[in-house]
Structures are given as structure tokens and as C-alpha cells.
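Visitor: I'd like to ask some things about the structure below.
The numbers here are math on the coordinates, done by the rules we state, and not lab data. Everything numeric in this text was worked out from a predicted model, so none of it was measured. We place every Cβ from the backbone using ideal geometry, glycine too, and count neighbours over all the protein chains shown.
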């Protein structure tokens, strides 16, 4: 799917009149093996002899080449007269061949002797028809095999033999030395429309837009992951098929495919020293790798962290961005590294990183709260989350002030590198709402405060809503003349206007407000007996 141009180029090389060698290079899961399968099927149909071999992790010397030659060189061919000088050498490479007299000692490089023997064997095999050798997974090949292929590649020009190799290019591998001798055919990641087409092919029917978007984002253009992720969604019961096609039946969430997780674990295992620990620390912190943050969270000297991350880039776990920063090689690489840790390891690493990042600056509050929460310390996480919520409320008030003065929100500074693809700040809206609603509860009010104010019955309003609301009356006791009462009228501390028909007289001759009583020590001071009944007291101070 989406490989028509590459397949056409390989077919032209394999069915032409000249020989040669080419290496198909691309990241893990990009479809190299699938491309070789399709190539083998088509050239076999055209009458070409196909030899296939593959390297394996930890395989011995010459594993892929010996596997390919065994199928085309039975023991009977050892008697061919053109192979007589190389019989003893080839018998050491092909275990099914009859034993031959011990080979004489050569003073030249053994790669030259074995290379000439293999080249002559290929010529004998290709006497009747053209021959194509497909060697897969050469990123696992031993150095002896790579040196032999490097010797053979330039000598196949003009021979009826074509050598097609496949290897990963997203990790440090000796196969990169072949790029000097072999033509390179890079396999790029699939485009979004090709991913959508592949998803429909895997589902054998239409696929909903949200499911297509999930597969496009999570697979990151790798065909293997498109197939594995879709199979995982079906297995987990998150998608179902109806008359219109495949669509989600539960919240869409992907789990790392086992094949992809194995690749990541193998790369982690090859890292030595503290490099693997720093990669796991980066996975614990989340987001894109930041060497300064990793140094602060791990306690390792920043220079050593920078050198270790360079090794991780060569191992195919990280990739350099265009802006000079680092990113995970794939969207699921970080999840695969995180999944390789056991639950106790995750909790310990989260706690260690959170403690190392304390005291917490304002730009790391969300991160540290998330670390404490994942580390099994909800109390500490709550403290940091409340601090974050208060910071957000203060920032909202400043933004409201800016709106009131300029009519628009200030443009925030765009960070050079985002904190995370899914920032943990989204975890704390409840904490923000708690602070806005007055949690934790305030201290009990004093007696004087109860005499001059009452709790508001209105819901909490944002600073923007408050700025748009009409201005309340000024606080304080209004003037009796302004309220329409004769001079000397005693008002309650809240400023309530008394009812003329029910206003009793006091001993001083002044009219007392409704239901008021004299306060001790001040003949002109009264307290409204309606307090704290908010339905009676109409004091603007009570509002």
C-alpha cells in the first residue's frame, strides 16, 4: 500500500539485463519485509530464481547468506568443475555439502577468498536463468556477513545476479557501511491518505472518521502499526461493525502493540551504563525529552545527560528535531519504554523525580503534581495541585484585568518546546474549581465580621463577569438625608432604611430602624435585629 514507485524500481532492477545490489532502508514497521514478499512473488512469476535469507538477533556468522545459498546449491552441485577450487571453502559455509580436503592456507584476506567462492557459486546457479537474492533484517547481521556483502556488491555489476538487502535505518547499525557500496532505496512513512486506505483494507470495509484519525495519529505512518493497532481495538471491543462500517463502541484508546514493544525493549537492552536509566527517566517525565529537565530529575550532571542522549539517538529511541531539540522516535516509543517498567519501578521513579524537582517552580507545578500522583502520594499531589489552581486563578484575574483595559486578551509567549503532547494540567480542573468555590473552607468569621457582613448567596463569578456587572452602591452607612430620613435618624450598621410606620422611638428622640435595639455603650448605635436574616436586611454592605 503506497509503495508502487519503490516496487516498480525494484522490479526494473531484478528483471533487467544487468546485475547489481541495492539496500532497502527504513524504520522498523515501515514495510520492508512486505515489500520483499511482493517483489519475490512477482519476479518468481516472471521466471527469475529467488534466493531468500534473513539475519536474526544473536545469529552466527554468514547466517542470511548461508540460508539463501542452501536452497539453490544442493550437495550435487559441489561436483561442478567451476567450483573445484572453492569446494573446501564453500563446504565450510554450506553444512550440507560433502566434506572436502582441508583448504590450504591463504595469505590474503579471508573475505577475498570467501567472496570469490560465493561469487562463482552464484554464477553457476544463474547459468540457466536470472537470480535474485533477497536478504532481510541485515541490521542484525554480524560484521563478517556485512564485510562479505560489501565485497560482493561492486562485483555483481554485469552478472546475472541481483542482490536486494533490507535493513533498518533508525538505529545504530553496522549496515550503514553498506551505503558506501550499495544503492539505497529509502522507504518513507505512509501519507495520511495511504494510512486511511490501509485501514479500510485491514477492516475490509468503511472506517469511521474518528477511528481513521486515531490510527493516523498513533501509527505515525507505519503500516505494521496500522494493522496491529486496529487488531488491538477489535480485540479490546472498542470498535464494532455495523451496516455503515467500523466505528467506535467505547472511548478510543490504543495499547502498544507487542511487536513494537519488543523492538523498543531490544534497543533499551543494548544501551549500557546509565543511558538506559536516563531514557526511562525521560519516559517517566512525559512529553518530549528535555536534557535539562532530565538532568534535574535524575541528579546526573547535564553534560553526561547530553552525551547519553546522543547515544539514545543513535540507538533509535530519540530523533533530532528541526529546531535542534529531541523528540521520541515514534509516537508510541515513550509508552513502550514506560510499559517496560514494572509498577513498583514506575512509582519509585515518579517519587524520585518529584523529590528531585523540589522546590517546585511555577512552570513545573503540573508536572510535579502528576509525578506525585503517579507515584502513589495523593496528599503531596493535592498540595501541588492546589498551588497550581491558585496560580491559574491569579493568571485568570490578570487576564481579566487586561481584557478590561485593552478589550482583548494578551498574547502569551509561545514556548520553544511544548511540555507534553498531553499536558497533565488537564488533570486539575477539579482542583481549580475547588479553589474558586472557596475550598479549603475559610476560618470561622469573627463576631465583628458577622455584625457587618453576611455570606453571599450568589454563585461564584469570574473576574470577567464581575467587571461586566453593575457597580454596587458604596459601602458604609448612608447619610440619613440621602436616604430620605430626617437628620438624626439612627440606621443599622448595614445601612437599612427603616419603615416609617413601624419605626419606634428611642429615648434620645431619634427614630430607630425596624426591630433595632440599642447597643451597649453608644446611645446612637443600633443593631438590626433582622440580622442575619438576609431576606429582611437590605443593607448594601450585606450584599
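Visitor: What nm distance separates the two modelled labels at residue 269 and residue 209, each placed 7 Å from Cα along Cα→Cβ?
Guide: Calculated label separation equals 4.5 nm.
Visitor: Moving on. Would you work out the relative contact order for the range 34-176, in percent, from Cα pairs under 8 angstrom that are 6 or more residues apart?
Guide: Relative contact order, the range 34-176: 31 percent.
Visitor: Run the simple label-point estimate for residue 84 and residue 398 please: 7 Å along Cα→C-beta, distance reported in nm.
Guide: 9.2 nm
Visitor: Applying 1/(1 + (r/R0)^6) with R0 = 22 Å to the Cβ-Cβ distance of residue 129 and residue 96, what FRET efficiency is obtained, to the nearest 0.05? If you can, show how the numbers build up before the last one.
Guide: Values: r = 22 Å, r/R0 = 1.01.
After rounding, the FRET efficiency stands at 0.50.
Visitor: Among rounded, prolate and oblate, which fits the range 170-300 when a ≥ b ≥ c are the square roots of the eigenvalues of its C-alpha gyration tensor, a/c under 1.5 means rounded, and a/b larger than b/c means prolate?
Guide: Oblate is the answer for the range 170-300, as a/c is 1.5 or above yet b/c matches or exceeds a/b.
Visitor: Right, next: Between residue 46 and residue 341, what FRET efficiency follows from the Cβ-Cβ distance if R0 is 41 Å, with the result rounded to 0.05? Numbers along the way, then the final one.
Guide: Working: r = 50 Å, r/R0 = 1.23.
E(calc), rounded to 0.05, equals 0.20.
Visitor: Quantify how much of the Cα-Cα distance distribution of the range 192-248 extends past 18 Å, in percent.
Guide: On the way: 273 of 1596 pairs.
Here the tail beyond 18 Å accounts for 17 percent of pairs.
Visitor: Given 0.36 nm per residue, what is the gain on full extension from residue 253 to residue 18 after removing their alpha carbon distance, in nm? Don't skip to the answer; put the middle values down first.
Guide: Values: separation 235, 0.36 × 235 = 84.60 nm, distance 5.02 nm.
Length gained between residue 253 and residue 18: 79.6 nm.
Visitor: Okay, moving on. I'd like to compare 277-286, 40-49, 82-91: which one has the highest average count of other Cβ atoms within 10 Å, and what's the full order after that? List each step's numbers first, then the result.
Guide: Numbers: 277-286: 23.1, 40-49: 14.3, 82-91: 16.9.
Ranked from most to least packed, the peptides come out as 277-286, 82-91, 40-49.
Visitor: In whole Å, what are the extents of the range 4-186 along the principal axes defined by its C-alpha atoms, from largest to smallest?
Guide: 48, 36, 25 Å, listed from the longest principal axis down.
Visitor: Sorted by packing (mean other beta-carbon atoms within 10 Å per residue), highest first, where do 228-234, 200-206, 295-301 land? Mind showing how you got there, number by number?
Guide: Numbers: 228-234: 19.4, 200-206: 14.7, 295-301: 17.7.
Result, highest mean first: 228-234, 295-301, 200-206.
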